[in-house]
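Take a look at the structure set out below.
The values are calculated or read from the model by the stated rules, or taken from the named source; none is laboratory data. Quick caveat: nothing in here was measured; it's all calculated off a predicted structure. Heads up, the Cβs are rebuilt from the backbone with ideal geometry, glycines too, and the neighbour counts pull from every protein chain shown. Accessible surface areas use protein heavy atoms only, side chains included; no ligands, DNA or RNA. Shrake-Rupley method; radii C 1.70, N 1.55, O 1.52, S 1.80 Å.
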Amino acid sequence: MGKVKIVAAKEKLWKKVEETVEKTVIHQRQMELVPNRWDFAVFGPSTDGKKAVLRVGVAEQSLIHKAPAYIATVGDPDRVGSSGMISIEELAGGDISDELKGLEVYHVSPLRPLSISRKVEAESIDKMRDEALSELEGQNIAIIETPDETAWSVSVLRYLNECDEMFPDPVMSIIRSKMTDTEIDFRRPHGGLLH
């Protein structure tokens, strides 16, 4: 339950994802669960290190006629094909750096596209951290620090993955309980697990 697989065609891209996952800091988690909604604020330094960017947004479960949408494919994409893959561009609503284009995400169940409602710049990461923590601390929102603001979506995926592990989705839990092969082996070089 709660495993997200990232597939990167190039080693350089894979290293970027690994580094982002490893260096992401979750300052605060949501204090109360809100059905089908995960609010977040993610900030990090710009690529040149001269500024910092904060994005405030939400990962909201997709709905079809007011019913939750799930990715139906469960299993290793190497076995079942690419039908369970979604591009990071689709998931992040296009707010993605050229460096991360082509990254594929597998097993995002429930399907939670990321949308950004506010984007703010500051002159340094220290100033941004202080502002974000003072403004948002104590609110029902996750506060996430990413090592590179252009990789914000990967840091948010790490947070969502942790939420899934702590609070499994009931529909996916039922599906997995009915599966005979629940020990799926995700190994490199095809991709890896966020953890």
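The figures follow:
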{"item": "Leading residue by the ranking (farthest from Gln30 (Cα to Cα)) among those in the stretch 97-118 that are crowded, with 20+ Cβ neighbours inside 10 Å and touching a Phe, Trp or Tyr at 6+ places or on another chain (Cβ under 7 Å)", "result": "Ser109"}
{"item": "In the stretch 18-77, the residues that are modelled with pLDDT under 95 and of a type in the set (Ser, Thr, Tyr)", "result": "Thr20, Ser46, Thr47, Ser62, Tyr70, Thr73"}
{"item": "Members of the stretch 11-26 that are buried (at least 20 other Cβ atoms within 10 Å of the Cβ) and under 11 Å from Thr146 (Cβ atoms)", "result": "Thr20, Val21, Thr24"}
{"item": "Residues of the stretch 97-118 that turn out to be in contact (Cβ under 8 Å) with a residue 12 or more places away in the chain and part of a helix (DSSP H, G or I), as a count", "result": "2"}
{"item": "Every pair of residues 6+ apart whose Cβ atoms lie under 8 Å, when the first sits in the stretch 27-39 and is open to solvent by 90 Å² or more (accessible area, probe 1.4 Å) while the second is polar (S, T, N, Q) and outside any strand (DSSP E or B)", "result": "Met31/Asn140; Glu32/Asn140"}
{"item": "Residue check for Gly94: open to solvent by 30 Å² or more (accessible area, probe 1.4 Å) and either modelled with pLDDT under 70 or part of a loop (DSSP other than H, G, I, E, B) (or both)", "result": "yes"}
